[in-house]
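What follows draws every value from the coordinates through simple rules; no lab data is involved. Since the model is a prediction, treat every value here as computed from it, not as a measurement. Backbone-built Cβ (ideal geometry, glycine too); neighbour counts: all protein chains shown.
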């Protein structure tokens, strides 16, 4: 390649089966290749950074992180491999050199894919402001899968019979899956919760007899903070296999209350009860009256039903409105001399 080196006799001396001039040429090629790889990486990074300023997606940022993860050591080793092609150290050396190149490329590809997975999941968590526990678990699962596939691919290309290895991994995987079946069910349920998004951190949910604000969505369990203050721990499997009421999207609460009026109450006063209830409900801020009518005749009272909407998703607002309406009904009935009876029982002697 560099003929001018051959004019020096000392350059023609042979070491380990190769002339000294070949070693010098190889060194020059090594430096040149390394610089080419470095310049190419910087050119690609510069292009992607310019593209980042024009786009709103995170894909280009993830690609930049992935390319930056390729360290100079990889370029050194790759350049070293190409340089050694000029030198002759025998077929046995070439065999191990090719094995080394295969290992180098497979490891670097696996590392780049794992870096892409890590950057993608991190970007997803930051952008959507979601709980990172499930994403972290998914990231680990995907990384382990990539390493397993890469290792099997490498062993297969090295001439190792991987059929028995894959069969052994399958049997071992079944045994492990049976041993940790409950844990795996909760783990996959956490993935279902993340992707399906039936609720998120901060939502107020009701599950069976338990309810509260979601504080943490873990790999195995989800934790709620109940109104009484205690922490409620529920398995993710239970959350994906039962009915969950989520109050996050609740904008209006429809409330239905019952109250009784004594049978002794004059008909004229009973007829005024619905309008009295309407006036009381409409006097409370943030509440909308729907209707109020007699529902039935009970043992000790004429039972009315009143329905109204509380225009707030906050539980505290609902309780305050409900409190004011009940106080208003008691005060209005007392003023109108309408009795609210309670069950009585007459015993005969």
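In this label model, residue 251 and residue 288 are separated by 1.0 nm, measuring between points 7 Å along each Cα→Cβ vector.
Shape verdict for region 210-349, please, from the Cα gyration tensor: rounded (a/c under 1.5), prolate (a/b greater than b/c) or oblate.
Numbers: a/c = 3.10, a/b = 1.99, b/c = 1.56.
Cα axes put region 210-349 in the prolate bin.
Ranked for footprinting exposure by Cβ neighbours inside 10 Å, fewest first, 253, 296 give 296, 253. Stretched out straight at 0.36 nm per residue, the stretch from residue 77 to residue 158 would grow longer than its current Cα-Cα span by 27.2 nm.
Label sites at residue 140 and residue 206, each approximated as a point 7 angstrom past Cα along Cα to Cβ, lie 3.6 nm apart. Computed from the Kirkwood radius of its Cα pairs, the Stokes-Einstein diffusion coefficient for region 269-349 at 4 °C and 1.567 mPa s stands at 92 µm²/s. Multiplying the residue separation of residue 295 and residue 226 by 0.36 nm and removing their Cα-Cα distance gives an extension gain of 21.4 nm.
Among 141, 199, which comes first, second and so on when ranked by fewest other beta-carbon atoms within 10 Å? Going from least to most buried by this count: 141, 199. Projecting label points 7 angstrom from Cα along Cα→Cβ for residue 342 and residue 27 puts them 10.5 nm apart.
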